[in-house]
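Presented below is the structure to which this report refers.
Each reported figure results from applying straightforward, stated rules to the coordinates on display, with no laboratory input. Treat the numbers as computed from the prediction; the structure is a model and nothing was measured. Cβ placement follows ideal geometry from the backbone for every residue including glycine, while neighbour counts extend to all protein chains displayed.
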Amino acid sequence: MTVTEPDPEAVRAFWSEFAAASGVTGEPVEVFAFGDSARMADELGALVVAGTKQATAGLLADYDAESEPLPQVGDHEVVHLADGRPVAVIRNTEVRVAPLSSVDERFAWDEGEGDRSLAYWMDAHERFFRRRCAALGIDFDHSLPVVLVRFATVWPPPHTQL
C-alpha cells in the first residue's frame with residue numbers, strides 16, 4: 001500500500017472543525033504524512049494523535065531539493081494517515097538545523113518512536129536517512145544537517161482514538 005494524497009474536502013472539513021474550536025484563522029502551512037511508507041505514515045500518525053510523538057527530523061537536503069521552506073515556530077500543519085485521512089493538527093514549537101550527530105536523548109524521547117532511546121532513534125533514522133540520501137544522490141554522513149522540529153498536538157483533543 002502506498003500513501004494516498006489527502007482529500008482536499010476532508011482536510012478542509014477537519015481544519016474547519018479545529019479552527020472553530022480553537023479560534024485559529026488562516027490555513028494549515030502544510031498537510032503531510034510522516035515517513036516514507038504507508039506503514040510508517042499510519043504508525044507515526046497514531047503516535048501523534050496519542051501525544052507520544054512530539055518531534056520529527058528531516059534532512060535539510062530534502063527541503064533544498066524540493067525548494068521547500070523550512071518549518072517555522074508557530075506553524076500549524078495537518079497530519080494524515082496513509083489512506084489520506086487527516087488525523088491531527090500540530091503546532092511547531094521549536095525548529096533548528098543541526099548535524100545528525102548532535103541529536104540527544106531528549107529529542108529521541110520526544111520523537112516517541114520504538115523504545116524512545118537514542119540508540120533506537122539513531123538506528124531507525126540512519127536507515128531512513130540513508131534511503132533519502134540514495135534517492136537524492138548524496139552520500140550519507142553523520143554530520144549531515146537535519147531539521148529538528150518539536151511540536152504540540154493541538155487537535156483533536158487529548159484521548160481521541162483513531
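Could you check how many residues of the range 74-91 are crowded, with 20+ Cβ neighbours inside 10 Å and of a type outside the set (Gly, Ala, Ser)? Total satisfying the criteria: 9.
With respect to the conditions (1) touching a residue at least 12 places away in the same chain (Cβ under 8 Å); (2) closer than 18 Å to ASP75 by Cβ; (3) crowded, with 16+ Cβ neighbours inside 10 Å, ALA41 lacks only one, and its number is (2).
Scanning the range 84-113 for residues that are within 14 Å of the chain's Cα centre (by Cα) and within 15 Å of GLY51 (Cα to Cα) yields a total of 13. One residue stands out in the range 25-38 among those that are among the aliphatic types (A, V, I, L, M) and in a loop (DSSP other than H, G, I, E, B): the one that is surrounded by the fewest Cβ atoms within 10 Å (Cβ to Cβ), namely VAL29. Report whether or not ALA19 is outside any strand (DSSP E or B), more than 23 Å from PHE140 (Cβ to Cβ) and either within 13 Å of the chain's Cα centre (by Cα) or not polar (S, T, N, Q) (or both). So ALA19 passes the test.
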